[in-house]
Amino acid sequence: MRGFDRWTLAWLFGCIAFAVHIGEEVAYGSFGVYADFNVFVSTLFPWLRLPPYNYEVWLTNLIGAELLLFALTWLVHVKRGPMRLASYLFATFLTLNGLGHLYAGLTMSTYFPGAMTAGLLMIAGLFLFVSIPQSNSETLATH
C-alpha cells in the first residue's frame, strides 16, 4: 500500500483536529454557548428564523459531519471529485473556527468551550491550505 501524500495527511490532520475540538466542546458544555448565540442572532436579525437548539440534534450533526469528513479522506487520497475546492472550504472553516474560539477565549472573563483546541484548529487549517495542490497537473503528478 502506498503512503499518503502531504495533501491527504493535511486533510486527515484537519479531521482529527476537528474531532478533538468537538470532544472539548462536548466535554466542557458548549451547548449553552450555541443556544445563547441563537438568541443573539435572532435579536439582531428578527426576520431570520433559526431553529431552536437541541443537544441531541447538535451532537448528531457534529458526529455526522465528522464521519463524512473522514470518509472524504479517501477522495483526497485518490484525487477524485471536487476535493481541491472542498479542501479550501474545510481549511477556511478550520482556520476561522479556531480564530473565533481563540478570540472568544481571550476576550471573555471565563473559560470559553473550544478555546483549548483553537490553536490546533488554526494549525490544521493553515497546514491544509499550504498542502493543497495549486493545479490539476500538480494533483495528477502526485497520484
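The values are calculated or read from the model by the stated rules, or taken from the named source; none is laboratory data. Please read all numbers here as calculations on a predicted model, not as lab measurements. Using ideal geometry, Cβ is built from the backbone for each residue, glycine included, and neighbour counts are taken over all protein chains shown. The area values use the complete protein model at the heavy-atom level, side chains included, leaving out ligands, DNA and RNA. Shrake-Rupley method; radii C 1.70, N 1.55, O 1.52, S 1.80 Å.
Just a few scattered comments:
- Alpha-carbon geometry of the stretch 32-143: the Rg and the Dmax are 17.3, 51 Å, given in that order.
- Listed residues L99, A86, V39: farthest to the positive end of the dipole of the chain (Cβ charges): A86
- Applying 1/(1 + (r/R0)^6) with r as the Cβ-Cβ distance of F129 and V39 and R0 = 22 angstrom yields a FRET efficiency of 0.05.
- With K and R counted +1 and D and E -1, the other residues having a Cβ less than 14 Å from that of V26 yield a net charge of -4.
- Cα-based shape type of the stretch 5-81, given that a ≥ b ≥ c are square roots of the gyration tensor eigenvalues and the cut on a/c is 1.5: prolate
- Taking all protein chains into account, the per residue accessible area for the chain stands at 60 Å² (1.4 Å probe).
- When the Gaussian network model of the chain links Cα atoms closer than 10 Å, the mean-square fluctuations of M108, M122, M83 top out at M108.
- Dipole magnitude (debye, nearest 20) for the stretch 32-143, charges at Cβ of Lys, Arg, Asp, Glu: 280
- Under a Gaussian network description of the chain, with springs only between Cα atoms under 10 Å, the residue in I132, I63, I16 that fluctuates furthest is I63.
- Of the residues Y111, F129, Y28, the one whose Cα sits farthest toward the positive end of the charge dipole of the chain, with +1 on the Cβ of Lys and Arg and -1 on the Cβ of Asp and Glu, is F129.
- Label-to-label distance, nm, for residues given as R6 and N54 (7 Å Cα→Cβ offset): 4.5
- Percent accessible area from carbon and sulfur atoms, the stretch 53-143, protein chains only, probe 1.4 Å: 73
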